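Just below is one structure, and these are the notes that go with it.
The values are calculated or read from the model by the stated rules, or taken from the named source; none is laboratory data. Note that this is a predicted model, so its numbers are computed, not measured. Glycine also receives a Cβ, built like all others from the backbone with ideal geometry; neighbour counts cover every protein chain displayed.
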Amino acid sequence: MTAEVRGEAGARVSSLDTLRAALVAWIIGGHALLGYSAVGGWAYDEVNEVTFAPAVEYGLTVLLGPSALFLMGTFFLVAGLLTPASLARKGPARFARDRSRRLGVPFVASMLLVWPLFLWLAYLAAGQDVGYWWLLTGRERTLDSGALWFAEVLLIFSLAYLLWRVFRSRRESRPAARPPLRSADLLWWVVGIAVAGFVVRLFFPARDTQIGDLHLWQWPILAGMFGLGIRYSGSGLATDVGDRLRRHSGVITLTTIVTLPAIALAVGVDNVAADAGRFLGGWRPEVMLLVTVEAVLVVFGSLWLLGFAQRNFTGTGVIRAAAARGSFAAFVLQGPVLLMLATALRPFDAPAEVKAPLVAVLGIVLCFGLGWLITRDRSARAPAAR
């Protein structure tokens, strides 16, 4: 998710712009809800004053949980589809410089300044007087950057691809064109991601933390989808998934989501916070089950979302264009905005079932509103295509 979304010829792809904005809004809302959950997943859960009732949290997990398994993968698929053209258009030096500026600078600023500052305010409101160094190194996540871990990992993958292309270009003058992607091809990606995910989680369990919050346990998914995008970037997939592949992907995704509650009950999950541990890592069948479900959802779910966007997100209205243009800024701003909203609502005597949706709605509106203010002059300064 960089500041520009362009196709193979350099022209903007409106469906991908709008898809990116929709995914950012969904992620902002999801983080707002996680801040009030018992299972956690967003920094406000460290200081929250109320949490969802177990039945409510289970229901939210059933309704919204599957999306968390593949939305980040969709971002990396889109990034992979667009990265080869960006490198070809800019050249290695400019590509590395632009990616470092757009991804690396926000990540470092968030890790060292912005995120610790707003975490400190949230902790202070909870009656905990903590210091800057503790916020950097004393929490479970060392050198945490909030949601900007995404930018960190995408920058690493982008520079790795750059090095690979520079090395490979010495041996071939032009990358081979790819045939259209088929449903059968995706099965191999599912198998590869699932097997790699299981192996990685023997050493890095899900939700494990590393210095810099690298999310290594997600790398098989993220690298797999980034690689899928790169491999088929020359096949026209960014602009046309194809009706057959879109339908197949939708059926498989929907079938998996519908059967998830039954699978969860069959393996004895009735309290997400209490029962999640055995699925996170180690040599267990539950771990293999989870990584397989994740692989199916991230591969077929991402392709279905891409096809859905290509069919339905083709408009160019003012609000849609503004949201798409400001979506990266909205993503960057979500951490401070969500923490301040939750902190501001802290004194009010209301359950999590009231506070969390309110923070989600206000957070989406404020993040995109601020994103619009920051980027409102971009359309006048930049041409539609380069």
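Data for the structure
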{"item": "Looking only at segment 319-338, and only at residues there that are touching a Ser or Thr at 6+ places or on another chain (Cβ under 7 Å) and over 26 Å from Gly35 (Cα atoms), the one that is modelled with the lowest pLDDT", "result": "Arg320"}
{"item": "Single residue of Val354, Val361 found to be surrounded by fewer than 18 Cβ atoms within 10 Å (Cβ to Cβ) and under 20 Å from the mean Cα position of the chain (by Cα)", "result": "Val361"}
{"item": "Trp189 aromatic (Phe, Trp, Tyr), under 20 Å from the mean Cα position of the chain (by Cα), in a helix (DSSP H, G or I) and within 19 Å of Trp149 (Cβ to Cβ)", "result": "no"}
{"item": "Selected residue [free of Cβ contacts under 8 Å to residues at least 60 places away in the same chain and among the polar types (S, T, N, Q)] from Ser235, Ser249", "result": "Ser235"}
{"item": "Cβ pairs under 7 Å, 6+ apart, first in segment 288-299 and modelled with pLDDT under 95, second of a type in the set (D, E, K, R) and in a helix (DSSP H, G or I)", "result": "Val291/Arg201"}
{"item": "First in segment 29-55 and on the phi > 0 side of the Ramachandran plot, second anywhere and at pLDDT below 95 and assigned to a helix (DSSP H, G or I), Cβ under 6 Å, 6 or more apart", "result": "Gly41/Leu34"}
{"item": "Matching residues, segment 195-212, being surrounded by 15 or more Cβ atoms within 10 Å (Cβ to Cβ) and not in a helix (DSSP H, G or I)", "result": "Phe204, Pro205, Ala206, Arg207, Asp208, Thr209, Gly212"}
{"item": "Meets criteria (at pLDDT below 95, of a type in the set (A, V, I, L, M, F, W, C) and within 25 Å of Leu154 (Cα to Cα)) for Ala309", "result": "yes"}
{"item": "Residue within segment 257-273 that is out of contact with any Ser or Thr (no Cβ under 6 Å at 6 or more places or on another chain), of a type in the set (D, E, K, R) and within 30 Å of Tyr36 (Cβ to Cβ) present", "result": "yes"}
{"item": "So Leu121, is it within 29 Å of Phe348 (Cα to Cα), within 19 Å of the chain's Cα centre (by Cα) and aliphatic (A, V, I, L, M)", "result": "no"}
{"item": "Unmet criterion (only one of (1) out of contact with any helix residue (DSSP H, G or I) (no Cβ under 9 Å at 6 or more places or on another chain); (2) of a type in the set (S, T, N, Q); (3) at pLDDT 95 or above) for Ser100", "result": "(1)"}
{"item": "Test: residue in segment 213-230 that is modelled with pLDDT of 90 or more, aromatic (Phe, Trp, Tyr), surrounded by 19 or more Cβ atoms within 10 Å (Cβ to Cβ) and more than 28 Å from Asp144 (Cα to Cα)", "result": "no"}
{"item": "Residue pairs meeting the criteria (Cβ under 9 Å; at least 6 apart or on separate chains; first under 20 Å from Leu303 (Cα atoms), in segment 56-79; second surrounded by 22 or more Cβ atoms within 10 Å (Cβ to Cβ) and of a type in the set (Asp, Glu))", "result": "Leu69/Glu294; Phe70/Glu294; Gly73/Glu294"}
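Here's the yes/no breakdown for (1) under 26 Å from Leu81 (Cα atoms); (2) surrounded by 14 or more Cβ atoms within 10 Å (Cβ to Cβ):
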position	(1), (2)
Tyr123	no, yes
Arg139	no, yes
Thr142	no, no
Ile193	yes, yes
